[in-house]
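A quick write-up on the structure given underneath.
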Amino acid sequence: MNSCHARAHIRLTSQAEVMDFIQRLCRCEDVFSIENRAGTRCINAKSVIGVMYTVLDYPDEMYLVNETKDGAIPAFVDQYRVMTA
């Protein structure tokens with residue numbers, strides 16, 4: 001992993017989840033991005049088109065990053081986190 005910042009591994013599986021996720025994220029003042037596992041591809045997490053593309057392009061490698069306050073992930077994101085064993 002090339003990332004040097006805290007991030008949350010998330011999964012969005014439907015258009016309804018994407019829309020809910022973005023609407024809730026837009027209520028936050030911070031700037032968020034979603035990147036792939038390697039951190040080589042990054043999109044604005046508040047962009048409907050960007051997030052929909054990301055869900056199709058790398059659905060199992062979505063990591064939410066708070067660009068404003070490293071490591072500050074909103075509590076609602078927990079319902080979208082990928083749980084690892």
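The values are calculated or read from the model by the stated rules, or taken from the named source; none is laboratory data. Only a predicted model underlies this, so the values are computations on that prediction, with no experimental measurement involved. As a convention, Cβ positions derive from the backbone with ideal geometry for all residues, glycine included, and neighbour counts pool all protein chains shown. Just the protein is used for accessible areas: all its heavy atoms, side chains included, with ligands, DNA and RNA removed. Shrake-Rupley method; radii C 1.70, N 1.55, O 1.52, S 1.80 Å.
List of remarks:
- Matching residues, segment 45-85, being in contact with a strand residue (DSSP E or B) (Cβ under 8 Å, 6 or more places away or on another chain), of a type outside the set (Ser, Thr, Tyr) and under 16 Å from Arg11 (Cα atoms): Ala45, Lys46, Gly50, Val51, Val55, Met62, Leu64, Val65, Ile73, Val77, Arg81, Val82
- Qualifying positions in segment 14-47 - in contact with a Phe, Trp or Tyr (Cβ under 8 Å, 6 or more places away or on another chain) and touching a residue at least 40 places away in the same chain (Cβ under 8 Å): Glu17, Phe21, Arg24, Leu25
- The set of residues in segment 60-85 being surrounded by 16 or more Cβ atoms within 10 Å (Cβ to Cβ) and of a type in the set (S, T, N, Q) consists of Asn66 alone.
- Filtered residues of segment 44-59 (kept if within 20 Å of Cys4 (Cα to Cα) and open to solvent by 40 Å² or more (accessible area, probe 1.4 Å)): Asn44
- The residue that is most open to solvent (accessible area, probe 1.4 Å), among those in segment 23-43 that are in contact with a strand residue (DSSP E or B) (Cβ under 8 Å, 6 or more places away or on another chain) and closer than 12 Å to Ala72 by Cα, is Val31.
- Of all residues in segment 11-22, exactly one satisfies the criterion of being of a type in the set (Ser, Thr, Tyr) and open to solvent by less than 60 Å² (accessible area, probe 1.4 Å), namely Ser14.
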